[in-house]
1. From LEU104, LEU50, LEU72, grab the single residue that is touching a residue at least 60 places away in the same chain (Cβ under 8 Å) and at negative phi.
2. Which of the numbered conditions does ILE84 fail, given that it passes all the others? Conditions: (1) closer than 30 Å to PHE249 by Cα; (2) open to solvent by 30 Å² or more (accessible area, probe 1.4 Å); (3) out of contact with any helix residue (DSSP H, G or I) (no Cβ under 6 Å at 6 or more places or on another chain); (4) assigned to a helix (DSSP H, G or I).
3. Within the set of pairs 6+ apart or on separate chains, which have a first residue in the range 214-242 that is within 20 Å of ARG55 (Cα to Cα), a second that is among the hydroxyl-bearing types (Ser, Thr, Tyr), and C-beta atoms under 7 Å apart?
4. Which residues, counting only those in the range 1-14, are at pLDDT below 90 and either surrounded by 10 or more Cβ atoms within 10 Å (Cβ to Cβ) or within 19 Å of THR53 (Cβ to Cβ) (or both)?
5. Just give me the residues in the range 15-31 being open to solvent by less than 100 Å² (accessible area, probe 1.4 Å) and either free of Cβ contacts under 8 Å to residues at least 24 places away in the same chain or more than 32 Å from the chain's Cα centre (by Cα) (or both), in sequence order.
6. When you look at THR248, is it modelled with pLDDT of 95 or more, over 14 Å from ILE123 (Cα atoms), touching a helix residue (DSSP H, G or I) at 6+ places or on another chain (Cβ under 8 Å) and polar (S, T, N, Q), yes or no?
7. Restricting to the range 85-136, name every residue that is of a type in the set (A, V, I, L, M) and over 24 Å from LEU194 (Cα atoms).
Amino acid sequence: MSTPTIWDTRRHRIVTRKGGWRVGHGIRVGGYSLLDDLVGKHTYFELLFLEVTDRLPAPALARWIEAAFMCLSFPDPRIWCNQIGALGGSMRCATSAAVTAGTLASDSTMYGPGKSHNAGEFIAQVVRELRAGASIEEIVARCTTRGGRVRAPGYSRPIASGDDRVDTLSRLALELGLRQGEHLDAAWRLDAALRSLGGNSINMLGYLAALMLDNGVGIEEGHRVFTMMVNAGVHACYCEAADEPAGTFLPLRVEDIEYTGAPARPLPRSAGA
């Protein structure tokens, strides 16, 4: 008789270590009762962290994570993900559909929480190279293309230089007593080297990735925690557009569209005419 596979052991069964709801016995989240142990005693961001990582964070870390979410809550409909939310509102889409679509657009390789995974992998690799004896200058050279462009996730931004959110979040981290370890040390050293060359500097996601690693949060865990961090900004832009007359967000006339298809041609009569 063959040994049962994981597929066999889970056939017709839902298996979870996260917790669940037992009617008449309450809701469990890990080893905690949601209603008895968590509600009113811990914050939503502590609960989010617990549900993602299976452990409760220090209250200071949860507070810092909430601040990071706020720093990506721009109510500006020019921002790509927010624009999708605004278009959804203008088209009278359901709130959940529009906000989810806008949030999904932030899972990008160019900006937003989608880039946090790359930033975490990059700074972790930098630390490994420094431990092995490499210099910051050697690392910068490795990341620099023949054209002089630096490819370093977590450094630079698509349409702006510098990132004032880093100063705000770093001051808060110091106030809260969060750990500043080798990942942040490497991040700041790399920032100084890139600034000396003119141009690139650490951005919010680069700082976020280094701080989370220094405080015991893995790359994949951090990416999962921050997946929804643009939600409030998308929500704001959806609500504003939904409260305006329908179709008034970025309306177009026919002449605004440059048509490059087939030229105009007569419509053929039907075969039976």
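1. Exactly one residue qualifies, and that residue is LEU72.
2. (3)
3. Between residues of the range 214-242 that are within 20 Å of ARG55 (Cα to Cα) and residues that are among the hydroxyl-bearing types (Ser, Thr, Tyr), the close pairs are GLU221/THR53; GLY222/SER116; HIS223/SER116; PHE226/SER116; MET228/THR103.
4. PRO4, the sole residue that qualifies.
5. Of everything in the range 15-31, those that are open to solvent by less than 100 Å² (accessible area, probe 1.4 Å) and either free of Cβ contacts under 8 Å to residues at least 24 places away in the same chain or more than 32 Å from the chain's Cα centre (by Cα) (or both) turn out to be VAL15, THR16, GLY19, GLY20, GLY24, GLY26, ILE27, VAL29, GLY31.
6. Yes, satisfied.
7. The answer is ALA86, LEU87, MET91, ALA94, ALA97, ALA98, VAL99, ALA101, LEU104, ALA105.
Conditions (1) modelled with pLDDT under 95; (2) touching a Leu at 6+ places or on another chain (Cβ under 9 Å), marked per residue:
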site: MET91; (1), (2): no, no
site: ALA94; (1), (2): no, no
site: PRO113; (1), (2): yes, yes
site: SER116; (1), (2): yes, yes
site: VAL126; (1), (2): no, yes
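The values are calculated or read from the model by the stated rules, or taken from the named source; none is laboratory data. Please read all numbers here as calculations on a predicted model, not as lab measurements. As a convention, Cβ positions derive from the backbone with ideal geometry for all residues, glycine included, and neighbour counts pool all protein chains shown. Note: accessible area is taken over every heavy atom of the protein model, side chains too, but ligands, DNA and RNA are not part of it. Shrake-Rupley method; radii C 1.70, N 1.55, O 1.52, S 1.80 Å.
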